[in-house]
Amino acid sequence: MNKHKLHVLYVSLLTMVLLIVSFGPALSVFAEEATEQPKKTLVMGTSPDFPPYESVDAKNNGEIIGLDIDIAKYILNELGYELKIASMDFGGLIAAMQSGRVDFIMSGMSATEERKQSVDFSDPYYFARNTIVSKKDSNYNSIESLNGKIIGAQLGSVQEAVAYSVEDAAEVRKLNKIADLIQELNSNRIDAAIVEDAVAVEMTNANGQLEMNFLPSDSNDNGYAIAFPKGSPYVAEFNTVIAQMQENGKLDELLLKWFPDANAESAVNKKLIDFSVLEGYVPYIMKGVGVTLLFTLVSAVLGFILGSLLSLCKISGIKPLEWFATAYTSIFRGTPLLVQLMLIYYATPQLTGYDIPALLAAGLAFGLNSAAYLSETIRAGIMAVDKGQREAAIALGIPYRKMMISIIFPQALRNILPALVNECVALIKESSLVSVIGVADLMRRADVVRASTFRSFEALLLIAAIYYVLVLVLTSLARMLERRLRRSD
């Protein structure tokens, strides 16, 4: 080997060493990242209208926050899972888990014997006490003091069973949300409400005219726990971390962070209407307009297309198609829209394994329902077109498809335009039903604000005004279109 080749070899070796020293750490990090497996995601179901356990931070980014959320984040972080939160009504949580939509539930849920028949529970992470919330100076401080009174409780909660334990109660009124209980109390439609202690403190701090009295601890209370499907492999893993949190003080730290001060000064608001309570919430509510309009557009387009096909089936003269269209219309007009919505949302993953998104399920349910009504409207519009138009087209040899699209359908559309506008108006207003499956439309957002402010009238009045403006704009556009069509006559 001559001197030149030795020099080249020396330079090459030196270059390799420098490259390894310079990029070695980066290459090792890249290798680690390349081999790192993505974390598994677990979906947590919750009803974010139960502060301080879970609520929507409507004044900031709309994120769901609370004690249960922080506990879930800590547990899943320790176990190496990603957390995804699914928001829905409390009454639909167990149904959602049984249909595979969520992997576990944290929503201030008590581990009752009745619930244990259908779900598995983790070890309890908190034991709450029940309280009686009533108007000040009512002196309802025991179960016996509620004899002959109208008592309110949240539907499906443990407090509902406590309310029923009052033997001589005049009535037990079950309501969906805590905010509804406040409204009933302030309207004197109920005498008292049975509420869990931390929530009662929030209620009385926000409503100075209310007071709370603790009930004795229930020895049969199993505490708040995390619910899983029967036979879930996650129960043991979660129990291990809950035990660690109790030992290392993390659980106490989170309880101190989220539980309100019972001695805080109460806010007394005696105004019948006070829109200042909506301060900071209006942008959050206005974001629901886009969701409502998107949902209405999808439902209207789907309903119009399917309704047109059904109407053609009805006038086709082919008996099987006529029977199918008639049966379809009969079923969708003969069953409640809310039932159809719940069936599509909860039954789809149970029967097919496909986790249909809430907004898609809502658009599908409303579109299918709307098609049943529109099919009759469109059929009437087609039948109203003068027979001479069809006969002339046939005489001229125009194919059936071209005749319907270019001649018959445009005239039918002009005849049924007012009915189509009415259907769109109905869709906008009925869209409020989708809030029951967690779609963040106007109604759902108003519910969130009601849960945060404990006042209903202002938020509901605001969204009523928004719905009215939307309907007004739609009808104005329809009138403009109708006038334009008339000018072309």
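The values are calculated or read from the model by the stated rules, or taken from the named source; none is laboratory data. Everything quoted here is computed from the prediction, not taken from an experiment. When we count neighbours, we look across all protein chains shown, and the Cβ atoms used for this are built from the backbone with ideal geometry, even at glycine. For the accessible areas, the whole protein counts, side chains as well, though only heavy atoms, and no ligand, DNA or RNA atoms are used. Shrake-Rupley method; radii C 1.70, N 1.55, O 1.52, S 1.80 Å.
List of remarks:
- For residue 394, the solvent-accessible surface with a 1.4 Å probe is about 110 Å², rounded to the nearest 10.
- Applying both filters, DSSP loop and at most 12 other Cβ atoms within 10 Å, to the chymotrypsin sites (Phe, Trp or Tyr not before Pro) of the stretch 302-360 gives 354.
- The chain: DSSP helices with Cα axial extent of at least 15 Å and average Kyte-Doolittle hydropathy no lower than 1.0: 3-35, 282-314, 337-352, 358-384, 457-487
- Stokes-Einstein D (µm²/s) once Rh is taken as the Kirkwood radius of the stretch 414-489 over alpha-carbon pairs, at 20 °C in 1.002 mPa s: 151
- Within the shell of other residues whose beta carbon sits under 10 angstrom from the beta carbon of residue 89, the net charge comes to 0, with Lys and Arg scored +1 and Asp and Glu -1.
- Rg [Å, one decimal], Dmax [Å, integer] - the stretch 77-190, C-alpha atoms: 17.0, 53
- Listed candidates [x] 1.32; [y] 0.95; [z] 1.00 - label of the one calculated as Cα Rg over 2.2 N^0.38 Å: [x]
- With at most 16 other Cβ atoms within 10 Å, longest stretch of the chain clear of loop GluC sites (Glu not before Pro) (DSSP): 280-489
- Among the trypsin sites (Lys or Arg not before Pro) in the stretch 165-195, those located in a DSSP loop and surrounded by at most 16 other Cβ atoms within 10 Å of their own Cβ are 189.
- For the residue pairs 59/230; 174/250; 314/402; 136/174; 59/177, alpha carbon separations beyond 30 Å are given by 59/230; 174/250.
- Taking every DSSP helix (H) stretch of at least 4 residues in the chain, weighting each as -39,500 (n - 2.57) and dividing the sum by the residue count yields a mean residue ellipticity at 222 nm of -18500 deg cm²/dmol.
- For the stretch 367-431, the fraction of C-alpha pairs more than 15 angstrom apart is 56%.
- Taking all Cα-Cα distances within the stretch 138-199, those exceeding 13 Å account for 55%.
- Beta bridges per DSSP with both ends in the chain, % antiparallel, nearest 5: 55
- Counting only Cβ charges, +1 for Lys and Arg and -1 for Asp and Glu, the dipole size of the chain around its Cα centre is about 3180 debye.
- With DNA, RNA and ligands ignored, accessible area of residue 168 (1.4 Å probe; Å², nearest 10): 100
- Charge dipole magnitude, Cβ of K and R +1, D and E -1 - the stretch 159-227, Cα centre, debye nearest 20: 260
- Reachable aspartates and glutamates from residue 287, criterion Cα separation under 12 angstrom, eight or more residues apart if same chain: 441
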